[in-house]
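These notes concern the structure reproduced below.
The values are calculated or read from the model by the stated rules, or taken from the named source; none is laboratory data. From a predicted model like this one, the values you see are computed outputs, not experimental measurements. Positions of Cβ are backbone-derived with ideal geometry, glycine not excepted, and every protein chain shown enters the neighbour counts.
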């Protein structure tokens with residue numbers, strides 16, 4: 001418990017129950033089916049930003065998402081942004097193992113030439129997303145939308161979610177916009193998760209703003225996992 005910092009008055013009601021699913025997933029993935037873990041990382045681009053270890057079959061933050069989702073058993077999950085689909089695939093896998101739940105995955109598919117690209121390669125515009133997720137038979141639990149988060153929010157303004165993962169526009173204005181757009185769409189008791197809640201610069205990518213928004217959010221239920229320190233995962237439960 002010394003590897004993460006709990007903010008004052010943090011009360012994430014599902015956290016401790018989720019630990020049993022975390023342990024379960026660690027056992028299943030790391031020891032019983034290490035080959036499947038490596039395929040997840042290989043096919044869907046797991047990287048150091050998620051604290052993965054390919055050789056050891058360690059999904060890093062993927063284990064945390066899987067554990068929370070196995071406990072929550074949400075019917076609707078929203079994922080905003082992903083290089084090659086690593087966290088959306090983890091979410092779809094949790095839905096599959098829960099025998100319920102669907103993932104709405106949003107990515108505009110920008111490449112590096114676009115001014116709002118954050119390391120994007122235009123991957124999602126070049127491939128068939130459904131076929132991509134079918135490599136591990138996850139296609140029935142996930143639907144991909146090649147639009148911006150703002151366009152999605154406008155078109156599907158009645159959608160509600162129990163789990164929202166934000167990993168799109170990492171600028172301060174961009175992540176703040178995503179928070180303002182989708183916090184009202186998060187149901188009571190649901191979780192909103194921010195990737196890169198610590199990072200300020202990453203290689204050629206500069207001026208990250210998630211950390212700044214995270215510091216500004218004055219909510220009772222905030223928890224942050226500061227490993228690795230270059231990235232970080234911030235979690236908020238809506239009361």
Single condition residue 89 does not satisfy, out of (1) touching a helix residue (DSSP H, G or I) at 6+ places or on another chain (Cβ under 6 Å); (2) under 20 Å from residue 62 (Cβ atoms); (3) free of Cβ contacts under 8 Å to residues at least 60 places away in the same chain; (4) assigned to a loop (DSSP other than H, G, I, E, B): (4)
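If you take the residues in the range 144-153 that are surrounded by fewer than 16 Cβ atoms within 10 Å (Cβ to Cβ) and in contact with a helix residue (DSSP H, G or I) (Cβ under 9 Å, 6 or more places away or on another chain), which one is farthest from residue 179 (Cα to Cα)? If you could, list the steps in order and put the result at the bottom.
Residues of the range 144-153 that are surrounded by fewer than 16 Cβ atoms within 10 Å (Cβ to Cβ), as a first pass: 146, 150-151.
Next, only the ones that are in contact with a helix residue (DSSP H, G or I) (Cβ under 9 Å, 6 or more places away or on another chain) stay: 146, 150.
Details: 146: 19, 150: 11 Å.
Result: 146.
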Criterion (modelled with pLDDT under 95, surrounded by fewer than 17 Cβ atoms within 10 Å (Cβ to Cβ) and in contact with a helix residue (DSSP H, G or I) (Cβ under 6 Å, 6 or more places away or on another chain)) met by exactly one of 212, 158, 204: 212
Boolean, residue 186 is at pLDDT 95 or above and surrounded by 13 or more Cβ atoms within 10 Å (Cβ to Cβ): yes
Tally of residues being in contact with a helix residue (DSSP H, G or I) (Cβ under 9 Å, 6 or more places away or on another chain) and in a helix (DSSP H, G or I) across the range 165-201: 10
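Take residue 111 and tell me if it is at pLDDT below 95, assigned to a helix (DSSP H, G or I), out of contact with any strand residue (DSSP E or B) (no Cβ under 7 Å at 6 or more places or on another chain) and over 24 Å from residue 224 (Cβ atoms).
On the way: at pLDDT below 95: yes; assigned to a helix (DSSP H, G or I): no; out of contact with any strand residue (DSSP E or B) (no Cβ under 7 Å at 6 or more places or on another chain): yes; over 24 Å from residue 224 (Cβ atoms): yes.
For residue 111, the condition - at pLDDT below 95, assigned to a helix (DSSP H, G or I), out of contact with any strand residue (DSSP E or B) (no Cβ under 7 Å at 6 or more places or on another chain) and over 24 Å from residue 224 (Cβ atoms) - is not met.
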One residue from 215, 162, 154 being over 25 Å from residue 103 (Cα atoms) and outside any loop (DSSP other than H, G, I, E, B): 215
